[in-house]
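Asker: This structure is in structure tokens; I'll ask about it shortly.
The values are calculated or read from the model by the stated rules, or taken from the named source; none is laboratory data. Since the model is a prediction, treat every value here as computed from it, not as a measurement. Cβ atoms come from the backbone with ideal geometry, glycine included; neighbour counts cover every protein chain shown. For accessibility, only protein heavy atoms count, side chains too; no ligands or nucleic acids. Shrake-Rupley method; radii C 1.70, N 1.55, O 1.52, S 1.80 Å.
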Amino acid sequence: MSEINIQLNDGPAAQVGGPITVAEALKKLDRDTAKQALAARVNGREVDLAFTLDEQQNGEPVKIEPVLPETLEGLDVLRHSTAHLLAAAVLDLFPGTKLGIGPALLEDPRYGYFYDVITPVALTEADLPVIEKRMRQIASRNLSYRREEISKAEAMRVFQERDEPLKCQLVDSKGGEIVSVYYIDGSPFIDFCMGPHVPNTNKLKAFKLLSLAGAYWMGDAAQPQMQRIYGTAFFTQDQLDAWMKQREEAEKRDHRRIGKELDLFSIQEQYGQGLIFWHPKGGAIRREMEDYLREELGKRGYGLVFTPHIAKRELWQTSGHEENYADAMFAPTELEETQFRLKPMNCPFHIGIYKSAQHSYRDLPLRYAELGTCYRAELSGTLHGLMRVRGFTQDDAHIFCTPETVRSEIGDCIRFAFDLLGAFGFDKFKIELSVKGSDTTGKYLGSDDQWVHAESALVAALDAQQLAYDRIEGEAAFYGPKIDIKVEDAIGRLWQLTTVQFDFNLPERFELEYIGEDNKPHRPLMIHRALFGSMERFFGVLIEHYAGAFPMWLAPVQIAVLPITDRVNDYAARVGTELRNAGFRVETNFKGEKIGAKIRDAQMQKVPFMLVLGDREVEQEMVAVRERTQGDIGVMSISDFVEMARKLVNLRALTNT
Ligand SMILES: [Zn+2]
Ligand SMILES: [Zn+2]
């Protein structure tokens with residue numbers, strides 16, 4: 001037996017007899033912590049609690065940092081372990097199942113983990129409760145997660161024997177000399193995995209299976225088709241219940257359902273997945289978005305440009321998109337021996353405008369804005385309503401400036417973003433600054449000097465507005481650091497919308513220049529920025545944020561005119577015309593229905609104002625006004641109503657009171 005010096009986090013060192021497992025060591029250091037721990041880091045390395053400490057190096061104490069519940073790291077271990085439990089249950093119920101991968105999901109608001117499987121007979125939604133029940137049975141047997149280290153050849157043999165061709169592929173391509181595999185003892189499950197995992201299935205108490213989707217092995221449409229089983233897991237049942245409730249609320253707000261109910265947009269299989277049709281009512285909202293944007297672009301010194309949807313293939317070679325982005329681009333098409341490709345981004349086109357003339361430092365900054373429609377070859381499995389599509393319009397802009405003005409330009413972009421997001425009803429934000437960090441992969445372009453200058457310009461712009469932000473290392477784009485703004489919606493979900501990015505790459509590749517004060521050519525700096533992000537995605541977020549009950553200025557139908565009897569139809573038609581002439585979006589309901597049904601219908605369509613017209617209103621030349629949430633708000637003259645309604649629209653008011 002040897003003596004080992006151990007220490008809990010940065011606490012005092014204690015001497016224990018070795019070899020000893022991490023679980024036992026933790027028990028000696030702090031019983032409570034030992035009870036709670038899910039896994040641990042030993043001198044920085046993630047390990048299971050069953051990991052054995054048998055020696056220590058250079059007399060330094062072995063530092064044990066437990067991975068505890070209620071931390072992101074803990075959630076990762078919990079969810080990843082639950083994915084294993086899911087695979088064990090599927091194997092148990094459907095022998096012959098081939099397993100793919102099963103990671104934890106921490107960022108996706110919809111799911112907590114998945115496992116990709118190919119079962120002998122395809123699964124249906126009805127199988128999910130059955131699988132979940134089997135997961136509970138396995139969990140209650142308190143089986144151990146056991147790690148083993150074996151040679152690569154041995155691992156290949158194990159997975160071949162079990163007829164797991166996909167696991168063999170993984171071991172073959174990713175395994176080192178020694179491969180780590182995990183068992184859930186007492187179940188038919190074994191996985192090629194680095195871990196760590198919870199010590200036993202008893203730790204998994206609050207989990208749920210959510211849905212089934214199609215997936216391809218390796219995300220590649222040429223590879224075998226699989227089924228993806230999604231689930232989630234939390235530390236306590238209360239947390240899971242609260243999350244399920246929020247999910248239910250999210251489902252009620254699902255933009256795909258509301259989009260259909262309010263006739264806002266459609267996606268039509270026969271025209272192609274991921275392509276959005278904006279119907280007249282969705283179009284009305286789109287127009288309000290665009291009008292707001294165009295007004296502001298004008299005020300803020302942007303020039304509005306329009307560019308083609310397609311360009312010669314060479315352009316995308318020069319820009320580097322063919323090299324770095326080809327997977328997301330539609331294949332080339334040929335005309336008279338020249339190849340063309342659809343644009344996945346607008347940047348090279350704005351560069352084309354910049355390059356069409358010579359510029360002096362006095363011309364800069366130049367700000368080109370475009371509602372630019374782009375196309376990306378997203379796989380069908382990743383498409384999701386308006387949120388992830390194949391054709392979309394960015395409210396894109398590119399700013400070409402000198403190093404002296406870049407800081408204020410970035411500051412202006414951020415202010416613009418907050419004004420815009422605020423106008424549409426978002427008042428809670430999360431800002432992320434993504435930087436290169438201590439990256440050594442070499443994927444980042446540009447010199448260290450450029451990165452330092454760019455990052456400091458972004459930081460200075462954030463600091464000048466006293467904005468709190470998270471600094472995220474290694475998440476920058478390969479061509480420069482960026483600021484992302486996420487908004488929190490009405491039910492607390494975060495959506496990434498605005499992005500402001502530095503670019504060292506394109507000015508270099510396209511050899512952009514301006515003539516400086518010194519009469520010599522210089523390279524301008526380039527900023528990409530989109531505020532809505534994509535019009536389609538922002539529209540989707542907007543629908544879910546308001547659950548379809550848009551404020552007056554955005555509502556596709558602002559006023560419903562509802563005659564009580566046919567006798568007043570002429571008057572109703574006249575009121576409708578008058579309101580339309582005053583610039584409102586109006587629907588007059590002449591159906592031979594009772595007034596109650598007409599009100600209910602307008603209420604379902606979430607129309608902000610209803611004008612209920614009967615004989616008395618005709619006699620007095622008045623309208624009886626109902627507001628969507630307040631009900632009756634009184635009888636008034638048409639001109640008084642117009643004045644009130646116009647005020648709400650002109651102010652872009654978010655409520656009607
Ligand atoms: Zn694993
Ligand atoms: Zn761009």
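Asker: Nearest 10 degrees is fine. How inclined is helix 127-140 to the longest principal axis of the chain, computing both from alpha carbons?
Answerer: Helix 127-140 sits at roughly 40 degrees to that axis.
Asker: So what's the angle, to the nearest 10 degrees on a 0 to 90 scale, between helix 535-546 and the longest Cα principal axis of the chain?
Answerer: For 535-546 against the chain, the angle is about 90 degrees.
Asker: Positive end of the charge dipole of the chain (Lys, Arg +1 and Asp, Glu -1 on Cβ, about the Cα centre): tell me which of Gly18, Gly44, Ala549 has its Cα farthest that way.
Answerer: In the chain, that residue is Ala549.
Asker: Could you tell me which of rounded, prolate or oblate describes the stretch 467-593, using a ≥ b ≥ c as the square roots of the eigenvalues of the alpha-carbon gyration tensor, with rounded for a/c under 1.5 and, failing that, prolate when a/b is larger than b/c and oblate otherwise?
Answerer: prolate
Asker: Please compute the Kirkwood hydrodynamic radius of the stretch 309-451 from all pairs of different C-alpha atoms, in Å with one decimal.
Answerer: After inverting the mean inverse Cα-Cα distance, the result is 18.2 Å.
Asker: For the stretch 1-115, take the convex hull of the Cα atoms, compute a quarter of its surface area, and give me that in nm², please.
Answerer: Answer in nm², one decimal: 9.3.
Asker: Compute the Kirkwood hydrodynamic radius of the stretch 65-131, taking the inverse of the mean of 1/r over all pairs of distinct Cα atoms, and give it in Å to one decimal.
Answerer: Numbers: mean 1/r = 0.0769 Å⁻¹.
Kirkwood hydrodynamic radius for the stretch 65-131: 13.0 Å.
Asker: Within 10 Å of each candidate Cβ there may be at most 13 other Cβ atoms; applying that plus a DSSP loop requirement, which GluC sites (Glu not before Pro) in the stretch 265-313 survive?
Answerer: Glu269
Asker: If you don't mind, another one. Test of the criteria: in the stretch 65-108, which GluC sites (Glu not before Pro) are in a DSSP loop and have at most 12 other Cβ atoms within 10 angstrom of their Cβ?
Answerer: Glu70, Glu107
Asker: How large is the accessible surface per residue of the stretch 102-221, computed with a 1.4 Å probe and reported in Å² as a whole number? Provide the component values of the computation, followed by the final result.
Answerer: On the way: 5680 Å² over 120 residues.
Per-residue accessible area for the stretch 102-221 comes out at 47 Å².
Asker: Nearest-5 percent of antiparallel DSSP beta bridges in the chain? Each step should come with its number before you reach the end.
Answerer: Working: 102 of 120 bridges.
Antiparallel bridges make up about 85 percent of those DSSP assigns within the chain.
Asker: A further question follows. Let's see if you can work this out: charge +1 on each Lys and Arg Cβ, -1 on each Asp and Glu Cβ, no other charges. What is the dipole magnitude of the chain about its Cα centre, in debye to the nearest 20?
Answerer: Using only the charged Cβ atoms, the result is roughly 1540 debye.
Asker: I'd like the distance between the alpha-carbon centres of the stretch 499-536 and the stretch 180-247, rounded to an integer number of Å.
Answerer: 44 Å
Asker: Given the -39500 (n - 2.57) contribution per DSSP H run of 4+ residues, what per-residue ellipticity at 222 nm results for the chain, rounded to the nearest 500 deg cm²/dmol?
Answerer: Value at 222 nm, helices only: -10500 deg cm²/dmol.
Asker: While we're here: Take the chain, mark every one of the chymotrypsin sites (Phe, Trp or Tyr not before Pro) that falls in a DSSP loop and has at most 12 other Cβ within 10 Å, then report the longest stretch left between them, sites excluded.
Answerer: It works out to 307-657.
Asker: With only Lys, Arg, Asp and Glu charged, each at its Cβ (+1 for the first two, -1 for the last two), find how big the charge dipole of the stretch 368-461 is about the Cα centre; round to the nearest 20 debye.
Answerer: That gives the stretch 368-461 a dipole magnitude of about 440 debye.
Asker: Checking the a/c ratio against 1.5 first, then a/b against b/c, what shape does the Cα gyration tensor give for the stretch 529-657?
Answerer: Verdict is prolate for the stretch 529-657.
Asker: Where a Cα-Cα gap under 19 Å defines reach, which aspartates and glutamates qualify for Lys27, not counting those fewer than 8 residues away within the same chain?
Answerer: Leaving aside aspartates and glutamates fewer than 8 places away in the same chain, those within reach of Lys27 are Glu3, Asp10, Glu46, Asp48, Asp54, Glu55, Glu65.
Asker: Another question, then. Along the charge dipole of the stretch 613-657, which of Leu654, Phe641, Gly614 sits closest to the positive end, that is, farthest toward it, with unit charges on the beta carbon of Lys, Arg, Asp and Glu (+1, +1, -1, -1)?
Answerer: The residue sitting most towards the positive pole is Leu654.
Asker: Further question: With the Cα gyration tensor of the stretch 132-241 giving a ≥ b ≥ c as the square roots of its eigenvalues, does the rule (a/c under 1.5 for rounded; else a/b larger than b/c for prolate; else oblate) give rounded, prolate or oblate?
Answerer: Working: a/c = 2.28, a/b = 1.31, b/c = 1.74.
Verdict is oblate for the stretch 132-241.
Asker: If you roll a 1.4 angstrom probe over the protein chains with everything in place, what fraction of the accessible area of the chain belongs to carbon and sulfur, to the nearest %? Don't skip to the answer; put the middle values down first.
Answerer: On the way: 15120 of 30780 Å².
Carbon and sulfur together cover 49 percent of it.
Asker: Find the Cα radius of gyration of the chain, compare it with 2.2 N^0.38 Å by division, and give the number to two decimals.
Answerer: On the way: Rg = 30.1 Å, N = 657, 2.2 N^0.38 = 25.9 Å.
The reported ratio for this selection is 1.16.
Asker: State to the nearest 20 debye the size of the charge dipole of the stretch 148-269 about its Cα centre, where the only charges are +1 on K and R beta carbons and -1 on D and E beta carbons.
Answerer: Dipole size: approximately 380 debye.
Asker: Also: Using the heavy atoms of the protein chains and a 1.4 angstrom probe, tell me the accessible area per residue for the stretch 269-398 in square angstrom. Before the final figure, lay out each step's value.
Answerer: Numbers: 6430 Å² over 130 residues.
On a per-residue basis, the stretch 269-398 sits at 49 Å².
Asker: Given the options Leu53, Tyr302, Phe94, identify the residue whose Cα lies farthest towards the positive end of the charge dipole of the chain (+1 on Cβ of Lys, Arg; -1 on Cβ of Asp, Glu).
Answerer: Value: Phe94.
Asker: Name the GluC sites (Glu not before Pro) in the stretch 153-232 that are in a loop by DSSP and that have at most 16 other C-beta atoms within 10 Å, would you?
Answerer: Glu177
Asker: On to the next question. So for the stretch 183-317, considering every pair of alpha-carbon atoms, how many percent are separated by more than 28 Å?
Answerer: Beyond 28 Å sits 55 percent of the P(r) for the stretch 183-317.
Asker: Rounded to the nearest 10 degrees, what's the angle between the helix 448-464 long axis and the longest principal axis of the chain, both from Cα atoms, 0 to 90?
Answerer: The answer is roughly 60 degrees.
Asker: What ranking do 74-83, 485-494 get when scored by the average of other Cβ atoms within 10 Å per residue, highest first?
Answerer: So the order, starting with the most tightly packed, is 74-83, 485-494.
Asker: What's the local net charge at Ile190, with K and R +1, D and E -1, over the other residues with C-beta under 14 Å away?
Answerer: Here the count lands on -3.
Asker: If you average the alpha carbon positions of the stretch 355-425 and of the stretch 428-492, how far apart do those two centres end up, in angstrom?
Answerer: What the calculation gives is 16 Å, centre to centre.
Asker: Just for the stretch 1-86, what percent of DSSP beta bridges are antiparallel, to the closest 5?
Answerer: 85 percent
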